[in-house]
Structures are given as structure tokens and as C-alpha cells.
Amino acid sequence: MSLVKNVGTIGGLTAVSRVFGFVRDMLLSRALGAGLAADAWQLAFTLPNTFRRLFAEGAFSVAFVPMYTRKLGATGDDDVSADEFATDVLSIFVWVLLAFSALCMIAMPGIVWALAREYQDVPGKFDLAVTLSRITFPYLALVSLVAMLSGVLNARSKFAPGAFVPVLLNIVLIAAILSGAAWRDRIGGGDVSVAYALAIGLATAGVFQLAYMWWSMRRAGVKLKVTTPRITPEVKRLGVLILPATFGAGIYQISQLVDTFFATSLPQGSLTLLKFADRLNQMPLGIFGIALGTAILPMLARHIQSDNRSEAQRLQANAVEIGTLLTLPCAVALSICAEAFSTGLFQGGKMTLADTTLMGQIVIALVAGLPAYVLIKVFQPAFFSREDTRTPVFVAAGALVFNIALNFYVVPRYGIVGLAAATAISASLNVITLCIILQLRGWFRITAKLASRIARQIVATAIMGAMLWYLTPALMPYWTGHAFERVWSLLAITLAGAIVFFVSAFLLGALDKDLIGQLRRKPPKKPVDLSE
């Protein structure tokens, strides 16, 4: 299966998840606004999700998938030794997750204090954040196991199950918001009732996700089980790779914790507005960035294993071209239409116009780094597939230190908007450094063809941006109207931008017809696999 088709599978299902995520956050913004309960819930939701992305989907995946892929061999067929290796890892991983989760739940007051000590200044806010975080933290263990099983299936080119599980999360959380709001309206208890319903819903969602992924794994013919833990040489090797990869693959997640620390020191509601703004940023990042990073790692590992340098170069060049093709217009469109989307999607109920106006400014700052966020996920697999996890560590360390230093300067002066801008700047520094190192080592090169294609994409993006600049003010009165007006005005902006960009890109030659043709090309016939 080609990179484009793999990205399409993952990105398509991720897009479905992002739509449900938008519905979830639209309901949440109206139910809780940007107040005490909303901030406490955002912190409780951030903690397990950040650790999940950092360890399970970040460090663990980039270290485990290449090793598991090599066990499978170049064909990706069923292999007993690969399943034995995965079983050994699973048998240890389960106990590590349980121990880590238990320790964090016991130490939760200290963790919350370290990240949000200012919550103590608001009566009841600190205690609520601690309680909610203890309820949500078991989700880390559950979804980390989901990430491992997803990595097993990804290595076998079965990307659909892992891309679908976030949909389950959002469905359960939507039900939790609706039930919590109904409970509040009928019996009372204030916004805290909604926050408790969300926390319980998150833990419940983890159970559903793990059950679905275990079923998908069995359906794909993978036979794993939890046995007596054994520390084999392969497991030791995995542990050595995970430690540096935790930092190298998780710079964005670590930055999220840093941002959370600074955001909680700002006026109440700042953390909530940052998270809602990041939802708009995460739409293209989640669809394109995660899809590219997930699809390229096992494919690149196979090319490097077979010492096929030309195919490795072609694969990475295609990934860069796809990444810029999709993120450059998204970044410009979101920056121009930030107020339209933040107001049209989130304003209402307890979310005020002043809140969404500030949210729009945060979006502009965040999406300035959108291409960088995605290209980091394209460049890092070039190191991880060669079992080089040290280089991304040093690069990430430098970017993180720069980010923290920049935050100390910009946050007191520019508040939450400055915080978002610092994240974008540090991500850009990270990706530029990775690209230079890859060039110097000869692992990847920016060819004249690729540079020309990106330059044409930039011109097409500029044409689209000029059109949106003139169109957006004409639709401004409809952003705060009734539901139908909001929907059609936002759809009009989105469709107009997409049409102008892709028409311009086609006329300018910014689209690689051979690459796009992979989407229409039929794969070789093979038996139908219902797990795809």
C-alpha cells in the first residue's frame, strides 16, 4: 500500500474523529464556558493525554514499531517470533503502566500543584482539579495499551483500527457532556456535575477503546497474551531506545505541559481558551501530521532495512511534499479566518464573545507553527527508523529550553497569545534543525524538484489568502447568527479557500500528478481483509 493511500486511510478516519471532537468541544464550551470547572477539567484531561502521547504514542511507538517490523520481515506476513516479542513487551508494559498510574494517582496533589499552583488562589478549584485528575488518570494505562496494539497492526499495514479508536473516545465524551448537563439542570450541583461526568466518561472510554482494539487484533490474526514478564535481550534493547525517544518524539507533548504550567498562572479561563484554540490547530495537525508520521515509520524502516536508499529518499520527499501541500494553506486560512471559526463554532451558552475573540488571537499564534508541527513528524522517523534516538533528543532539548526561556519573556508581556506564539517559534526551530542534520548526514536532501514544488505551493497559498482576506469581512455578520447562518458561512469560507487553492495549485504546477495519481491507482488484487 502506498504512502498516499495509508495517509488517506489514517487521515480519513482521523477526520471523522476530529469532527466528533469539534462537536464535543462545541457542547463543552456552551456547557462550561471558560470558568472554574472548565479549567479544572482541562487540566484533568491534559495530564493522562499528555503522558499517553509522550510515552505510548510517542516514545514507545517510534522504538517498538521498527523493531517489530524487522521481526515481521520485509513482507509483513505473520511471524511467530514477532508475536513472541510483542507478547514479552506487553507482559512488562502492563505492569509498568499499572505501577506508574498508581504512583501518579497517589502523588496527584503534588503534580497538580507543580503545574497549577495558582489554582489554590480560587476556592475549590485546586481540590476539584486533583479529584478529577485521579478519576481520569486510569485512562493513561488503558489507552497506552491501545497504542501498543495499534502499533502492532500498523506494522502489518492495518491502519484503520488505530485511526478509529479516537472516534469512540469522542462519542463517549459527548454522551458524558449531555448527561452531565441534564443532571445539572434537573438536580443541581452546578458546573461541577458536568466536570465529574466528563472525568468518569474518559475512564469509561478507555475501556471501550481497549476492548475494540483487542478485538481488531484478534480479527487480524495476531495472537498476543499477557504472560509472566520476561526481560529478554530484545526487551532490553527496546528499553534503551525508549528512554531517549521519550524526549525526542515528545517535544510537542512536553511543550504542552510547559504551556499548561504558564497558562494556569494567567487569568481564569486562559487554559480553557488555549485548549479550545488548539482544537482548531489540531484539526489539520491530527489529520495530516499524525497520519504522515504513522504511515511513514514502518514503510521507511523496511526501506532502510533493505538498504534501499533511493526509495527511502523518495518516500520522505513525498511525505514532505504532501505535508506542505496540506498545511501551508491550512495555516494561512486559519490565521485569516481565526475569529470566524472561533466565534462561529464555540460562542454561545457560557462562552462569551470576548472569550472567542481572544481565542481567535490564540489560534493565529498557534497555526504559525502548523507546517513545523507536521514536518517534525515527517523528519523524526528518518532517525527513529535507523534506531538513532539520540539526535532528536538533543534537538528537542534545545528547542524546549528555547521555548521555556521565550515563555518567561513573552507571557508576562503578551499573556496567553504570547504563550501560543512561543510554541510555534520553538517548533519551527526544531524542524529546521532536524532538516539540516538530515541533509548533512545524507539521509535526506531537498532536491530542486521538491523546492520548486513547495515554492509553487506558497504562491497558490498566497492567492488563496488574498481571496479570503476580501471574502471574510463580507460574511462577518453571520458568524454570531443562528445555527444555520453559522454553518453556511463557515462552509462558504472553507469551500472557497479549498477551491481557490487547489485550482491555483493545479494551474501553477504545485500538484505532483504522479503522486496524486496514487490515490486513484488500484492496488494489486488480493484477498479481502475485513480488518482494513
Matching residues in the stretch 453-474 - criterion: being polar (S, T, N, Q) and either over 15 Å from residue 328 (Cα atoms) or in contact with an Asp or Glu (Cβ under 8 Å, 6 or more places away or on another chain) (or both)
472
Looking at residue 385, is it more than 22 Å from residue 273 (Cα to Cα), under 22 Å from the mean Cα position of the chain (by Cα) and at pLDDT 85 or above?
no
Could you check residue 473 against (1) over 15 Å from residue 256 (Cα atoms); (2) surrounded by 18 or more Cβ atoms within 10 Å (Cβ to Cβ) and say which number it fails?
(2)
Within the stretch 313-348, work out how many residues are farther than 12 Å from residue 281 by Cα and free of Cβ contacts under 8 Å to residues at least 40 places away in the same chain.
1
Just one of the numbered conditions (1) within 26 Å of residue 315 (Cβ to Cβ); (2) modelled with pLDDT of 85 or more is not true of residue 488; which one?
(1)
Limited to the stretch 172-206, what total is found for residues that are surrounded by fewer than 16 Cβ atoms within 10 Å (Cβ to Cβ) and either closer than 14 Å to residue 41 by Cβ or within 27 Å of the chain's Cα centre (by Cα) (or both)?
3
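In the stretch 467-480, what count of residues is obtained for those that are touching a helix residue (DSSP H, G or I) at 6+ places or on another chain (Cβ under 9 Å) and either outside any helix (DSSP H, G or I) or hydrophobic (A, V, I, L, M, F, W, C) (or both)? Before the answer, list the steps.
Restricting attention to the stretch 467-480, the residues satisfying the condition of being touching a helix residue (DSSP H, G or I) at 6+ places or on another chain (Cβ under 9 Å) are 467-469, 471-472, 475-480.
Now restrict to residues that are either outside any helix (DSSP H, G or I) or hydrophobic (A, V, I, L, M, F, W, C) (or both): 467-469, 471, 475-476, 479-480.
Qualifying residue count for the region: 8.
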If you go through 142, 132, 169, the only one that is in contact with a helix residue (DSSP H, G or I) (Cβ under 8 Å, 6 or more places away or on another chain), in a helix (DSSP H, G or I), buried (at least 22 other Cβ atoms within 10 Å of the Cβ) and modelled with pLDDT of 95 or more is 132
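Residues of the stretch 333-364 being within 22 Å of the chain's Cα centre (by Cα), of a type outside the set (Gly, Ala, Ser) and crowded, with 24+ Cβ neighbours inside 10 Å, which ones?
Residues satisfying the conditions are 334, 337, 341, 346, 359, 362, 363.
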Out of the stretch 481-501, which residues are assigned to a helix (DSSP H, G or I), more than 21 Å from residue 320 (Cβ to Cβ) and of a type outside the set (A, V, I, L, M)?
484, 485, 486, 488, 489, 494, 497
Select from the stretch 352-380 the residues that are hydroxyl-bearing (Ser, Thr, Tyr) and modelled with pLDDT of 90 or more and list them in ascending order.
356, 357
Please state which one of 434, 400 is crowded, with 21+ Cβ neighbours inside 10 Å, out of contact with any Gly (no Cβ under 6 Å at 6 or more places or on another chain), aliphatic (A, V, I, L, M) and touching a residue at least 40 places away in the same chain (Cβ under 8 Å).
434
Scanning for something among the hydroxyl-bearing types (Ser, Thr, Tyr) and in a helix (DSSP H, G or I), does the stretch 218-239 turn up at least one residue?
no
Looking only at the stretch 97-129, which residues are within 30 Å of residue 223 (Cα to Cα) and surrounded by fewer than 15 Cβ atoms within 10 Å (Cβ to Cβ)?
98, 99, 102
Pair list, Cβ < 6 Å and 6+ apart or interchain, from the stretch 35-64 residues that are assigned to a helix (DSSP H, G or I) to residues that are β-branched (Val, Ile, Thr) and at pLDDT below 70:
59/246
Could you tell me whether the stretch 100-108 includes any residue that is among the hydrophobic types (A, V, I, L, M, F, W, C), in a helix (DSSP H, G or I) and modelled with pLDDT under 85?
no
Please specify each residue of the stretch 318-351 satisfying the condition of being closer than 20 Å to residue 447 by Cβ and either touching a Ser or Thr at 6+ places or on another chain (Cβ under 7 Å) or modelled with pLDDT of 90 or more (or both).
328
Residues of the stretch 73-86 satisfying the condition of being at pLDDT 75 or above and over 20 Å from residue 140 (Cα atoms)
80, 81, 82, 83, 84, 85
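Can you spot a residue in the stretch 140-148 that is under 30 Å from residue 70 (Cβ atoms) and among the hydroxyl-bearing types (Ser, Thr, Tyr)?
Let us first name the residues in the stretch 140-148 that are under 30 Å from residue 70 (Cβ atoms), namely 140-148.
Now restrict to residues that are among the hydroxyl-bearing types (Ser, Thr, Tyr): 144.
Yes, that holds for at least one residue.
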Could you grab the pairs with beta carbons closer than 6 Å, sequence gap of 6+ or different chains, first residue in the stretch 470-487 and more than 11 Å from residue 347 (Cα to Cα), second one small (Gly, Ala, Ser) and outside any helix (DSSP H, G or I)?
none
Search result, residues across the stretch 5-24 that are crowded, with 21+ Cβ neighbours inside 10 Å, modelled with pLDDT under 90 and more than 13 Å from residue 163 (Cα to Cα):
21
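The values are calculated or read from the model by the stated rules, or taken from the named source; none is laboratory data. Remember, it's a predicted structure, so these values are computed and weren't measured experimentally. Glycine also receives a Cβ, built like all others from the backbone with ideal geometry; neighbour counts cover every protein chain displayed.
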